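The values are calculated or read from the model by the stated rules, or taken from the named source; none is laboratory data. Worth saying up front: this structure is predicted, and the values here are computed from it rather than measured. Cβ atoms come from the backbone with ideal geometry, glycine included; neighbour counts cover every protein chain shown. Side chains are part of the model used for accessible areas, which takes the heavy atoms of the whole protein and leaves out ligands, DNA and RNA. Shrake-Rupley method; radii C 1.70, N 1.55, O 1.52, S 1.80 Å.
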Amino acid sequence: MALSDYTSELISTANSLASPGKGILAVDESTKTIGKRLGSIGVENTEANRQAYRGMLFTAPGLGEFISGAILFEETLFQNHLDGDSMVSKLGRLGIIPGIKVDKGLRPLAGAGAVETLCTGLDGLIERAADYYAQGARFAKWRAVLQITSDGGPTALAVRENAWGLARYARSVQESGLVPIVEPEILMDGNHSIETTACIQEHVIQEVYNACQANGVLLEGTLLKPSMTVPGADCSTQSDPAQVAAMTVRTLERSVPASVPGIVFLSGGLSEEAASVYLNQMNTIERKAKWNLGFSYGRALQHSCLKGWGGTNIEAGQKALLARAQANSEASLGRYVPGSQPSSDEQLFVSGYTY
Ligand code: 13P
């Protein structure tokens, strides 16, 4: 099979994932990262506890009303729920499309800045993607990371390497029928202004689409997952929701082709409430482009849920998840009333965050 055999399916999957009023639940934390999350509520990082936690998420009644897709870590894609059903079929019952994180993590980028990385996992990717497709996955994620630093980063080398890696990945998984989520995250670390973020992000996203064009990526069968255009976490001037929304939309309008059906933001360390409020604001302003502006949050969908669950309380965990899923669904339609759903204002930003 080749990309051309999957063209209409890729377009249809991408459009389903970007359905108005729905977003993506990112639950693809590596075993190490989920260990930190479970540790924060005093739960041991065992396969059984990961199964219990994620099984709770994937059986939340009515979740599919707000969530179109869930990104899984490889273990979960091949895992069963405690009741013997596969996790994939649990998601299917809710009408949620399973996706898979396919990158193999970040490594130092030789010849670039001290904190700069490349994203690994291209070797054998077409074959791995075919196995994931056979197991039920229909979309993929690859997270490339760039950082704005006081010594001029990101370097041209890091921008070029990460854009190229994203495009190679996108083309490779499309060959096996998976819709690529293209994620060039710009970390919030630093004291730079929102104008600096906008200028760098515009360039980074343009480079990503130049590389996609060079690799023959079918843009109609992709989604973009950017960070929002925000000032550095240590910037002395923080921005209000109206500024973040205006700068983010301007950046995207200057860099994302109209053929991309949906843009789904990561939450990147924003609080649950800020992630909803910023997204809502973007969906209330007049826009030039038609792409759907939605969400693909990890921390901003799971923070209160994890605390509510606490290792055993399925009902409280599901209730908190549904509250944030509904809030973000409303935000993606520009209808979220801030504070109308329980949420946390706790900053989830962690410097040098790894996923
Ligand atoms: P956060 O929303 O926690 O940033 O995670 C989303 C994600 O999938 C990052 O790759």
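Observations on the model:
- Residue count for region 314-355, restricted to those that are free of Cβ contacts under 8 Å to residues at least 40 places away in the same chain, touching a Gly at 6+ places or on another chain (Cβ under 6 Å) and more than 16 Å from the ligand (Cβ to nearest atom): 1
- Residue among Tyr278, Tyr297 that is open to solvent by less than 10 Å² (accessible area, probe 1.4 Å) and among the aromatic types (Phe, Trp, Tyr): Tyr297
- Which listed residue is in a helix (DSSP H, G or I) and surrounded by fewer than 19 Cβ atoms within 10 Å (Cβ to Cβ), from Lys288, Lys307: Lys307
- Condition check for Ala52: hydrophobic (A, V, I, L, M, F, W, C) and within 21 Å of the chain's Cα centre (by Cα): no
- Selection status of Glu175, away from the ligand (no atom under 16 Å from the Cβ), open to solvent by 10 Å² or more (accessible area, probe 1.4 Å) and more than 25 Å from Leu91 (Cβ to Cβ): no
- Yes/no for Ala246 being open to solvent by 10 Å² or more (accessible area, probe 1.4 Å), over 27 Å from Phe139 (Cα atoms), more than 16 Å from the ligand (Cβ to nearest atom) and more than 16 Å from the chain's Cα centre (by Cα): yes
- Enumeration of residues in region 131-156 that are surrounded by 16 or more Cβ atoms within 10 Å (Cβ to Cβ) and of a type in the set (A, V, I, L, M): Ala137, Ala140, Ala144, Val145, Leu146, Ile148
- Selected residue (criterion: farthest from the ligand (Cβ to nearest atom)) from residues of region 214-234 that are more than 27 Å from Ala140 (Cα to Cα) and open to solvent by 20 Å² or more (accessible area, probe 1.4 Å): Asp234
- Per-region count, region 38-53, residues among the polar types (S, T, N, Q) and surrounded by 13 or more Cβ atoms within 10 Å (Cβ to Cβ): 3
- Set side by side, the residues Gly262, Gly268 differ, and just one is touching a Gly at 6+ places or on another chain (Cβ under 8 Å), within 16 Å of the ligand (Cβ to nearest atom) and either in contact (Cβ under 8 Å) with a residue 12 or more places away in the chain or among the aromatic types (Phe, Trp, Tyr) (or both), which is Gly262.
- None of Arg93, Arg128 is in contact (Cβ under 8 Å) with a residue 12 or more places away in the chain, charged (D, E, K, R) and farther than 24 Å from Ala331 by Cα except Arg128.
- Long-range neighbours under 6 Å by Cβ, at least six apart or interchain, first residue within 23 Å of Pro180 (Cβ to Cβ) within region 21-35, second open to solvent by less than 10 Å² (accessible area, probe 1.4 Å) and near the ligand (Cβ under 9 Å from one of its atoms): Gly23/Phe295; Ile24/Ser296; Leu25/Leu301; Ala26/Ile71; Ala26/Ser296; Ala26/Gly298; Asp28/Ile71
- Every residue from region 56-110 that is within 15 Å of the ligand (Cβ to nearest atom), of a type outside the set (A, V, I, L, M) and either in a loop (DSSP other than H, G, I, E, B) or farther than 30 Å from Thr155 by Cα (or both): Ser68, Gly69, Phe73, Glu74, Thr76, Pro98, Gly99, Asp103, Lys104, Gly105
- The numbered conditions (1) closer than 30 Å to Gln347 by Cβ; (2) open to solvent by less than 50 Å² (accessible area, probe 1.4 Å); (3) touching a helix residue (DSSP H, G or I) at 6+ places or on another chain (Cβ under 8 Å) are all true for Ser193 except (3).
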